[in-house]
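The values are calculated or read from the model by the stated rules, or taken from the named source; none is laboratory data. From a predicted model like this one, the values you see are computed outputs, not experimental measurements. Because the Cβ atoms are built from the backbone with ideal geometry, glycine has one as well, and the counts that use them run over all protein chains shown.
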Amino acid sequence: MNETFWGYPIHTILIFLGILIGALIIDLFMHRKDSEVTLKSASVWSIFWLAVSLLFAGYLYFYYGWETGNLFITGYALEKVLSVDNLFVMMAIFSWFSIPTKYWHRILYWGIIGAIIFRAIFVIIGTKLFGLSSYAEIVFSLVVGWTAFMMLKNDGADKKVEDYSQHLAYRLVKKFFPVWPKLYGNKFFLSKTQVNEELTKQENKDLAIKRNVKAYFFVTPLFLCLSVIELSDVMFAFDSVPAIIAVSRDPLIIYSAMMFAILGLRSLFFVLEALKKYLIYLEKSVIAILFFIAFKLLLNATDHIWHHGYNISATMSLLVVLIALSVAIIASFLFPKQQNESL
């Protein structure tokens, strides 16, 4: 059967999409009600998403061999680990907007839908850029390395709470849409009729909003929060996409690894939210992995240019990622006193 643009036969694309869409439907159905996600529930769902990912990995191992399966697992593990820092940013965003925990999953769900779309765009552009010239790898290596350096520079420094009212996404939404400043259940939007009804209530008479605007709807703080998270994730993709492309150039391997990792991030978010005060070295492992990826990209680029013959295999990349993650977790529990010193 002829291969598609993604580098694999159409039946492989359909299997990937079938698993992806089916899992999304299951997740949406099971979380259709707004409620707080407990650590137990988050852990069970994390195992579910891991099982789904391993199911697809098993298919790749069976039909395409050990190397292809290894590339998927490496990309999956890499995306998971690199997402840790992004998840901590999301926690800060939820805190700044004072979003009740029962709405977190709803916001993360729609954030994931956006990530599915934007990641596809980035993967297509990224693989095309990498294919143009080996010098593109050097550029991406410098981008990833610079990100790691800035994270290392800020590691341990007193981190001020960011004012997300100055965030680009926040300012853009307020520029184009009127904002209803209070939460309205789980709604992202309010119709003009709903706004007028709310303004008749005594507790809302003094709200500072644009009352005579020509708009069919108002956005709520939930939508502002979602917008900030979405743009933050897009910025995060500038680092994670080159990192995974350093592992494999196959668009399907890259995209599927990222998607299955991202789909499990919501559950991982609640696990990390509960354990963040204990896993104090996770960010350091992310920094180490980013430096490793920058080196891998640079090594690949120079090999293509000067043919020195040195490169890092997918298996070695997977080992480095797993070792860095394991060391960070073990060190967090062996040396918990470091946490108190840094607070």
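Scan region 56-71 and give yes if some residue there is in contact (Cβ under 8 Å) with a residue 60 or more places away in the chain, outside any helix (DSSP H, G or I) and either in contact with a strand residue (DSSP E or B) (Cβ under 9 Å, 6 or more places away or on another chain) or surrounded by 12 or more Cβ atoms within 10 Å (Cβ to Cβ) (or both), otherwise no.
The answer is no; no qualifying residue exists.
Between Ser41, Ser46, Ser53, Ser35, which is buried (at least 20 other Cβ atoms within 10 Å of the Cβ) and either under 25 Å from Leu279 (Cβ atoms) or among the small types (Gly, Ala, Ser) (or both)?
From the options Ser41, Ser46, Ser53, Ser35, the qualifying one is Ser53.
I'm checking my understanding of the structure. Among residues of region 303-332 that are without any contact (Cβ under 8 Å) to a residue 40 or more places away in the chain and either aromatic (Phe, Trp, Tyr) or buried (at least 17 other Cβ atoms within 10 Å of the Cβ) (or both), which one is nearest to Val81 (Cα to Cα)?
Of the residues in region 303-332, the ones without any contact (Cβ under 8 Å) to a residue 40 or more places away in the chain are 303, 306-313, 316, 319-320, 323, 326, 330.
This time we only want the ones that are either aromatic (Phe, Trp, Tyr) or buried (at least 17 other Cβ atoms within 10 Å of the Cβ) (or both), so: 306, 310, 312, 320.
Values: Trp306: 32, Tyr310: 26, Ile312: 19, Val320: 12 Å.
So, considering only residues that are without any contact (Cβ under 8 Å) to a residue 40 or more places away in the chain and either aromatic (Phe, Trp, Tyr) or buried (at least 17 other Cβ atoms within 10 Å of the Cβ) (or both), the one nearest to Val81 (Cα to Cα) is Val320.
Going by the structure shown, is Leu263 under 30 Å from Val139 (Cβ atoms), crowded, with 17+ Cβ neighbours inside 10 Å and modelled with pLDDT of 80 or more? Walk me through it before giving the result.
Working: under 30 Å from Val139 (Cβ atoms): yes; crowded, with 17+ Cβ neighbours inside 10 Å: yes; modelled with pLDDT of 80 or more: yes.
Taking the combined requirement at face value, the residue satisfies it.
Considering only helices (runs of 4 or more DSSP H) fully contained in region 231-343, which possess at least 2 residues that are charged (D, E, K, R) and over 14 Å from the mean Cα position of the chain (by Cα)?
By residue number, 282-306, 337-342.
Six or more apart or on different chains, Cβ atoms under 9 Å: show the pairs whose first residue is in region 222-251 and among the basic types (Lys, Arg) and whose second is assigned to a helix (DSSP H, G or I) and surrounded by fewer than 24 Cβ atoms within 10 Å (Cβ to Cβ).
Between residues of region 222-251 that are among the basic types (Lys, Arg) and residues that are assigned to a helix (DSSP H, G or I) and surrounded by fewer than 24 Cβ atoms within 10 Å (Cβ to Cβ), the close pairs are Arg249/Thr127; Arg249/Phe130; Arg249/Gly131.
Just a yes or no: is a residue in region 90-105 touching a Ser or Thr at 6+ places or on another chain (Cβ under 7 Å) and over 30 Å from Glu162 (Cβ atoms)?
There is no residue in region 90-105 that is touching a Ser or Thr at 6+ places or on another chain (Cβ under 7 Å) and over 30 Å from Glu162 (Cβ atoms).
Could you tell me which residue of region 206-230 is nearest to Val81 (Cα to Cα), considering only residues that are in a loop (DSSP other than H, G, I, E, B) and of a type in the set (D, E, K, R)?
Our first condition is that a residue be in a loop (DSSP other than H, G, I, E, B); within region 206-230, this holds for 206-216, 220.
If we keep only those that are of a type in the set (D, E, K, R) as well, we get 206, 210-211, 214.
Values: Asp206: 46, Lys210: 43, Arg211: 46, Lys214: 46 Å.
Within region 206-230, the match that is nearest to Val81 (Cα to Cα) is Lys210.
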